[in-house]
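Here the structure comes first, spelled out in structure tokens, and everything after it is commentary.
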Amino acid sequence: MLALLENVRQHASPGPITIQTRQDDAGYVLRVIDAGPGIPQEDAAHIFTAFRHARDTENGTPGDKRGSGLGLAVVAAIARAHRGEARCTPSDEGGSCFELRWPTQSHST
């Protein structure tokens, strides 16, 4: 969660951040939602790949390189280690929704 919050701090516009958690029969869900500027759809599919940076939404150039490009890759690796997944989708607020899902039983039997 800290890596997701750091990503929002570095790359989202100042504004509200929503953190949601939920448990259902399938497992656990954690969402971090920001209000913008969002991630271009062509970059969202690769946002959890190491050393990838999203494009600047205003001019289409490679995005701000303040980070190493490892934070979200580590988030996805941790999710996979717990038999889960990480996703990034557009938020209703005009930004991004980063979602982690993992099953209630994360260890192998």
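Please say if segment 1-54 is rounded, prolate or oblate, where rounded means a/c under 1.5 for a ≥ b ≥ c the square roots of the C-alpha gyration tensor eigenvalues, and otherwise the choice is prolate for a/b larger than b/c and oblate otherwise? Oblate, since a/c reaches 1.5 and b/c is not below a/b. Placing pseudo-labels 7 Å out from each Cα toward the beta carbon at Thr104 and Gln20 gives an inter-label distance of 2.1 nm. Distance between the 7 Å Cα→Cβ label points at Ser13 and Thr49: 2.8 nm.
Read the figures in this text as sums done on the coordinates, not as results from a lab. The structure displayed is predicted, hence computed values, not measured ones. Counting neighbours? That spans all protein chains shown, and the Cβs are built from the backbone with ideal geometry, glycine included.
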